[in-house]
Amino acid sequence: MAYNQQQDQHPLPFVFSKVAIIGAGVSGLAAAKQLRHYNPVVFEASDSIGGVWKSCSYHSTKLQSSRSDYEFIDFPWLKSNTDEFPSYTEILEYLESYAKHFDLLKLVRLHSKVVELRFVGETHENLLPGRPVWEVAVQTQNSDSNNNIQWYGFEFVVVCIGKYGDIPRIPAFPGDKGPDKFRGKVLHTIDYCKLDKEAASQLLKGKKVVIVGFKKSAIDLAMECAQANQGADGQPCTIVVRTLHWTVPHYWVWGLPFFLFYSTRFSQLFHSRPNQGFLRTLLSLLSFPVRRGISKFIESYLLWKLPLLRYGLKPDHPFEEDYASCQMAIMPEGFFAEADKGNILFKKSTSSNWWFWNGGIEFDDNTKLEADVVILATGYDGKKKLKAIFPEPFRSLLEYPSGLMPLYRGTIHPLIPNMGFVGYIESVSNLHTAELRSIWLRRLLDSKFKLPSVEEMLEQISKEMQVMKQSTRFYKRHCISTFSINHSDEICQEMGWNPWRKNNWFLEAFSPYGSQDYHHHN
């Protein structure tokens, strides 16, 4: 099918370029740096780079993984920054320095929101066929606050808008029992993130605050609420706990570094991985007692270190399942001290059925919570964000065939041509995961290797999904943490690199893999 520009579809001039990148968060910057020789156009809807670190961070938000695990291959943290868990402002400064160092800011167009995608061309064996195959509609806001739509044409589009931020997930409520019924204030965590420190404190201070959710955002928010309500006039903050997850105080377990249990080649030998042979399959089956023993060992430390039993916060599932689904969270320092003082309370709800009444929220067991402010820490709808801009039939393929977005090497959807996705699989270090896959994508576009057939790619994806389903009931988060080294190995082999990156066999077996291990070939 030849490409034909239809003037009635494009009221403004059509602009053509080689590569588009949608989003200037961590993944978008990693992709931009690797693909900068194509002079890509990076569309960012907001007024700055940084993604969720800019738009979805509290004043107390810190990095969850160690600083050394959250580092670009060729841009280490400054030696003057010694905080193991940098604040979100320090991370934004790091990302800004990275973008300036590699002259990426000139590629970024701020206030440029992609509102529609159209596929208009055929693909060939050569991944970049020399003519536009995707039309991209971009809404820009000028100084007069007028919104304009500009159409662009690209041979390849890299989607980096991520699974978090932008579109909040709001629970459905029966009948007339939604937020309008409540006489107080209701907001989502994304709205709370937009408040400055003074406004956030005023919102929480002296108020009965109910937070719905018990993941990292809810825990951090409860801590900020407790700090705002110190003194005689303070009110307790109540967390509504629906699904319990394991939290850790730090990355040491009974004096041993956490990476020994899950993040080395030796430790990942005991876990299933895709494409394993008979002996590896047998080993993973026989290793079930070892895996469960490691999980129990870690749980014993957490139950000793944190008062989870006292507050009824011990999850029913093994720790291993939270690690395998990338849901392990660091507990803020002093959190349970605030709970001991009565500044943080917990309300366990065994079902997701709850609604508003004029004085707060009510549950299906007829219990009620009084509130002045209700904050929904209920997550984000990344699928809705993608579906809003994708045309059919591709929109229907985003979750085909299993409810998860099928991505080969975490990057290519086998049924969506001339498009890559970066930042849609999770690991213990999402920055490293995004950067390595951006390197892989660069070499793919540079024709250093070719993709397998669609059938072979779908088969590989199916194997990975099966491993995730076997590892955790929360597999839909698309986390590769228990086989991350193997995943990187296969990427290296496909690029023609030696997957064994260490200097000797001992380090290869017992030290963790990080971004610096992939430095020499970048």
task: Pop the C-beta distance of Asp340 and Ser453 into the FRET formula with R0 = 41 Å and round what comes out to the nearest 0.05.
output: 0.10
- request: Work out, step by step, the length gained on full extension between His111 and Leu195: first 0.36 nm times the residue separation, then minus their alpha carbon distance; give nm to one decimal.
  value: 28.2 nm
message: At a threshold of 8 angstrom on Cα-Cα distance, excluding pairs fewer than six apart, so keeping six or more, what relative contact order does region 312-428 reach in percent?
response: 12 percent
Over 23 Å between alpha carbons, listed pairs Lys194/Lys387; Lys163/Lys368; Lys62/Lys163: Lys194/Lys387; Lys163/Lys368
- prompt: Based on DSSP, what percent of beta bridges with both residues in the chain are antiparallel, to the nearest 5?
  reply: 45 percent
- line: Scoring the chain by relative contact order with C-alpha pairs under 8 Å, at least six apart, yields a percentage of 21 percent
Candidates per chymotrypsin sites (Phe, Trp or Tyr not before Pro) in region 369-463, loop by DSSP, up to 15 other Cβ within 10 Å: Phe449
- prompt: If you find the alpha carbon centre of region 201-245 and of region 399-451, how far apart are they in angstrom?
  reply: 38 Å
- prompt: Hey, got a sec? Which chymotrypsin sites (Phe, Trp or Tyr not before Pro) in region 483-522 land in a DSSP loop and have at most 15 other Cβ atoms within 10 Å?
  reply: Trp500
statement: Quick shape summary for region 220-304, equivalent ellipsoid via Cα gyration tensor, semi-axes whole Å in descending order, reads 40, 14, 11
statement: Long-range amide H partners of Glu426, meaning residues 5 or more apart or on another chain whose placed amide H is closer than 5 Å, are Cys479, Ile480
- request: Note the full-extension length gain between Arg183 and Gln516 as 0.36 nm times their separation in residues minus their Cα-Cα distance, in nm to one decimal.
  value: 114.6 nm
message: For Rg and Dmax of the Cα atoms in Å, one of (i) 23.9, 73; (ii) 24.3, 103; (iii) 25.0, 86 was computed from the structure I shared and the rest are decoys. Which label?
response: (i)
- prompt: Using the Cβ atoms and a cut-off under 12 Å, what net charge is assigned to the surroundings of Ile91, where Lys and Arg are +1 and Asp and Glu are -1?
  reply: -2
query: Counting Lys +1, Arg +1, Asp -1, Glu -1, what net charge surrounds Ser68 among other residues with beta carbon under 13 Å of its beta carbon?
result: -3
query: Whole-Hz Karplus ³J(HN,Hα) for region 214-228, in order, using 6.51 cos²θ - 1.76 cosθ + 1.60 and θ = phi - 60°, x for Gly and Pro?
result: 9, 9, 4, 5, 5, 5, 4, 5, 4, 5, 5, 5, 5, 5, 7
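Defining a contact as two alpha carbons under 8 Å apart and six or more residues distant in sequence, what relative contact order in percent does region 273-379 show?
13 percent.
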message: Quick test of your reading: applying the under-4.7 Å Cβ rule, which cysteines of the chain are isolated?
response: Cys56, Cys160, Cys193, Cys492
- request: Once you've got the Cα coordinates, tell me which of Lys54/Lys215; Lys296/Lys469; Lys79/Lys106; Lys177/Lys347; Lys181/Lys314 are over 25 Å apart.
  value: Lys79/Lys106; Lys181/Lys314
field: Loop-located trypsin sites (Lys or Arg not before Pro) in region 308-374, at most 15 other Cβ atoms within 10 Å (DSSP)
entry: Arg310, Lys341
Aspartates and glutamates whose Cα lies under 12 Å from that of Lys197, excluding same-chain neighbours fewer than 8 positions away: Glu224
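No value in this document is a laboratory result; all are computed from the given coordinates. All figures in this text were calculated on a predicted structure; none of them were measured in a lab. Positions of Cβ are generated from backbone atoms using ideal geometry, with glycine treated the same way; all protein chains shown enter the neighbour counts.
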